[in-house]
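Below you'll find the structure, written out as structure tokens, and then a few comments.
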Amino acid sequence: AIPVAFERVIHQSGQIVVTGLATGLGNISIAAHQLANTAESICFMPTFGFSVASTTMISQSVGAGDKELAKTYAKLCIKYGVVIMVFSAVLMFIFAPNLMGLFIKDAELIALGAMALRNQAFGEIGLAIANISSGIFKGTGDTKWPFYIAVIGMWIVRIIPAIILIKIFNFGLAGIWIPMALDWTVRAGISLYRFKNDRW
């Protein structure tokens, strides 16, 4: 339970820092950032369902001593989660302005939020893999690695580059959302490496 608790602390504290960076960019940017986050959640929520399901099914399989069934469930959860996320990411990329238009009518906000969503569309598959893999690992009792991966992704891959892109290169809101997509891609890569090597 302790690594799981600290994983949430890492995630939430990182989100606070990211929101602080967005706030420093001005009212338009923080509004676009928050609304884009809300719009994105429509696309990625199914992966959280697969993550919870994978934890349940795999923990039951491991408890019953059937490791092969656990592997089968794990592969199916990742496969179906990725298929759904590919579909969602394509729709999010194409209809990003329409998604933003559900929340606001301001053209500048819609354009800025759509830019953020289209950047993140390239990280959605990684988000699916990382979230579902985290559920898989937790189902086997391996709660430390999701914590380690969260630290690497949130603080090393997302926040540090975001600070550099915003403070030094003046990327604006894109300086937050580009590292966000990279974060999920890196988390997915580490998770898949651990998964394929049966270290979970």
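Overview of values
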{"item": "Positive-end residue of Ile129, Tyr148, Gly172, charge dipole of the chain with Cβ unit charges", "result": "Tyr148"}
{"item": "Dipole moment magnitude, nearest 20 debye, region 114-200 about Cα centre, only Lys, Arg, Asp, Glu C-beta charged", "result": "100"}
{"item": "Theoretical ellipticity at 222 nm over the chain - DSSP helices of four or more residues, -39500 (n - 2.57) apiece, nearest 500", "result": "-27500 deg cm²/dmol"}
{"item": "All lysines inside 30 Å of Lys144 as judged from Cα atoms, apart from same-chain residues fewer than 8 positions distant", "result": "Lys67, Lys71, Lys75, Lys79, Lys196"}
{"item": "Length added when fully stretched, Arg8-Asn170, from 0.36 nm per residue minus Cα-Cα", "result": "55.3 nm"}
{"item": "Distance between region 123-164 and region 45-103 - C-alpha centres, whole angstrom", "result": "15"}
{"item": "Carbon and sulfur %, accessible surface of the chain computed with the full protein complex present, 1.4 Å", "result": "69"}
{"item": "Å² of accessible area per residue within the chain, as computed with a 1.4 Å probe and no ligands counted", "result": "49"}
{"item": "Inter-label distance, nm, simple model (7 Å from Cα along the C-beta direction), Trp155/Ser41", "result": "2.6"}
{"item": "Computed over the chain: relative contact order in percent, which uses C-alpha pairs under 8 Å that are six or more apart", "result": "29"}
{"item": "Which of Val17, Val90 is most accessible, then next, and so on - probe 1.4 Å", "result": "Val90, Val17"}
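The values are calculated or read from the model by the stated rules, or taken from the named source; none is laboratory data. Note that this is a predicted model, so its numbers are computed, not measured. Reconstructed Cβ throughout: ideal geometry from the backbone, glycine too, with neighbour counts over all protein chains shown. Side chains are part of the model used for accessible areas, which takes the heavy atoms of the whole protein and leaves out ligands, DNA and RNA. Shrake-Rupley method; radii C 1.70, N 1.55, O 1.52, S 1.80 Å.
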